[in-house]
Structures are given as C-alpha cells and as structure tokens.
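Visitor: One structure is given below, represented as structure tokens, and several questions about it will come after.
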Amino acid sequence: MKRNRISTATVGAFAFAALFTMSCKEQASQNIANDDVEAIFPKGELGPAENFTGKVWNYGLVPADSTYTTLVGNVYFEPGARSNWHSHPGGQILVITDGVGYHQIEGQPIEVMKKGDVVKCPPALRHWHGASPDTGLQQLYIVPNTDKGIVNWMEPVTDEVYNNK
Ligand code: MN
C-alpha cells in the first residue's frame, strides 16, 4: 500500500516535470514568435513621444537624491522603439536583462546589445539606445552623478540612422 503511494507520487512528479518542460518550450517559442521578452519589473509608464520613437515604458527603481546621487530604473523598448539622441552629464550604465537592442555613440557604429551585456555611456557624449527592429529590449539604466544633471534630450533618431546597421 505504502509502495503504491510512492509509486503514484513518483509518476505524478514525472508528469508534472514533463508538463513544466513542455510549457517552458512553448513559452520560449512563443517569445521568439511574438517578440515578447521576459520582464523582471512592471512595465511602468509610457515614455513621452517628444523623447522617444515608438513605445517605450519606464519603471523607476531608485530615485535620484542627495545621498545616492544615482538614478536607477528599467526601460522596456518595444521592437523598433528607441530614444531620441541625448546625453548624460554624469554618464550612464545600461544592464541588458532580455531581448536585443541597439546602442550608438555619435560618430561610432551601432552596437548590438543582448541579455547579460553591460554598456557604458560616457559623460556628455551624444548617444541613443533602443530595441532592434524585430525584438524588444529590457534594460536597467543606472545614471550616476545626478548632482551634475540626469539627461539632456535632443532630436529624434531618424529611420536612416536607425537602419544603418
Ligand atoms: Mn542614455
């Protein structure tokens, strides 16, 4: 009787594992098909159209204050979406948590960013960042030295610049 119970439990565990594996695979193929990248944080607020092309969502994590002088948050760029050209007086660090994106410092080629990449944007350099055309991007941003300023927004990134990859 006891042995049967163990046996049933074991079969149940295998069935559960098989189901779980199947759902992970389905999820993975769904992500590729729908460009639905994994999110760690809530989507947050839709970014203003005057600073972004396409849909970009911002979720603040650490507000800038005089103790930490560091702003931290998460941005989700939908496929094709990107920031305007801009600069950060105190620099910026991007930590990519999922998806595929582009980053470009003015005068340099577009750099592809993928999950696990850490990208530094040096202080005061004009740059932009966003998703690739086919896959969205999840990025954590860290803006240090906020006593110097956070961001200076400039003009939109044209399709010509964005597609020059
Ligand atoms: Mn930036």
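Visitor: Tell me which of these GLN104 doesn't satisfy, since it passes every other one: (1) open to solvent by less than 10 Å² (accessible area, probe 1.4 Å); (2) closer than 19 Å to PHE52 by Cα.
Guide: Failed condition: (1).
Visitor: Can you pull out every residue in the range 106-131 that is within 23 Å of ALA64 (Cβ to Cβ) and either part of a strand (DSSP E or B) or away from the ligand (no atom under 12 Å from the Cβ) (or both)?
Guide: From the range 106-131, those within 23 Å of ALA64 (Cβ to Cβ) are 118-130; that's our starting set.
Scanning the range 106-131 gives VAL118, VAL119, LYS120, CYS121, HIS127, TRP128, HIS129, GLY130.
Visitor: While we're looking at this one, here's another question. I'd like the residue in the range 107-124 that is among the basic types (Lys, Arg) and under 12 Å from the mean Cα position of the chain (by Cα) and, out of all such residues, is most open to solvent (accessible area, probe 1.4 Å).
Guide: Looking at residues that are among the basic types (Lys, Arg) and under 12 Å from the mean Cα position of the chain (by Cα), I get LYS115.
The values are calculated or read from the model by the stated rules, or taken from the named source; none is laboratory data. None of the values given here were measured: they were computed from a predicted structure. Note: ideal-geometry Cβ built from the backbone for every residue, glycine included; neighbour counts use all protein chains shown. Just so you know, the surface numbers come from the protein's heavy atoms only, side chains and all, with ligands and any DNA or RNA stripped out. Shrake-Rupley method; radii C 1.70, N 1.55, O 1.52, S 1.80 Å.
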